[in-house]
Amino acid sequence: MKILVLLLLVGVAKGMYYTNCELASVLQSAGMDGYAGVSLANWVCLAYSESSYNTQAIDYDSDGSTDYGIFQINDRWWCSNGQFPSYNGCGISCSELLTNNITADIACAKIIVDQQGISAWYGWQDKCEGQDVSQYIAGCDV
Ligand SMILES: *[C@@H]1O[C@H](CO)[C@@H](O)[C@H](O)[C@H]1NC(C)=O
């Protein structure tokens, strides 16, 4: 049942998918290249690994919390979904993380990486750490 609901939500939440180069350009303008020592290619790899560049990605974790948006930011620690108590370290509503304007996602990602480092994202650990990530921005005008 839980899986069915998830599939339905994924089906509905089409949203906007950035291309890798669009995302690289937006992230670069926002000062993410080298932010907290993390290269632009690593940020793009992280976003691909976490959301496939889908600004409306929503995923449910086994601990009952939910991850939102292009960086899959968690509602137990970083944003509030208005339904249960959250530490809300970014001081935002989770719905702000699902718009095509990823300004809030970037600001929150900066707070997360400042506090926990890039390893806070399991997707980065799985797909990007120790890998040649240059392909994620290869050919982009950044
Ligand atoms: C995105 O949101 C930010 C903050 O609300 C705003 O300053 C900016 O102008 C918006 N960008 C676009 C392209 O709408």
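Gln83 fails exactly one of the following numbered conditions: (1) loosely packed, with under 13 Cβ neighbours inside 10 Å; (2) among the polar types (S, T, N, Q); (3) under 26 Å from Ala41 (Cβ atoms). What is the number of that condition?
All conditions are met except number (3).
Only one of (1) farther than 21 Å from Gly139 by Cβ; (2) modelled with pLDDT of 95 or more; (3) not hydrophobic (A, V, I, L, M, F, W, C) fails for Gly15. Which number is that?
Gly15 satisfies all of (1) farther than 21 Å from Gly139 by Cβ; (2) modelled with pLDDT of 95 or more; (3) not hydrophobic (A, V, I, L, M, F, W, C) except (2).
Name the residues in the range 119-138 that are surrounded by 20 or more Cβ atoms within 10 Å (Cβ to Cβ) and either in contact with a Pro (Cβ under 9 Å, 6 or more places away or on another chain) or more than 19 Å from Asp61 (Cβ to Cβ) (or both), would you? Break it down stepwise before answering.
Just the residues of the range 119-138 that are surrounded by 20 or more Cβ atoms within 10 Å (Cβ to Cβ), to begin with: 121, 124, 128, 133, 136-137.
Correct list: Cys128, Val133, Tyr136, Ile137.
The values are calculated or read from the model by the stated rules, or taken from the named source; none is laboratory data. In this text the structure is predicted, and so the values were computed from the model without any measurement. Cβ sites come from the backbone with ideal geometry, for glycine too, and all protein chains shown count toward neighbours.
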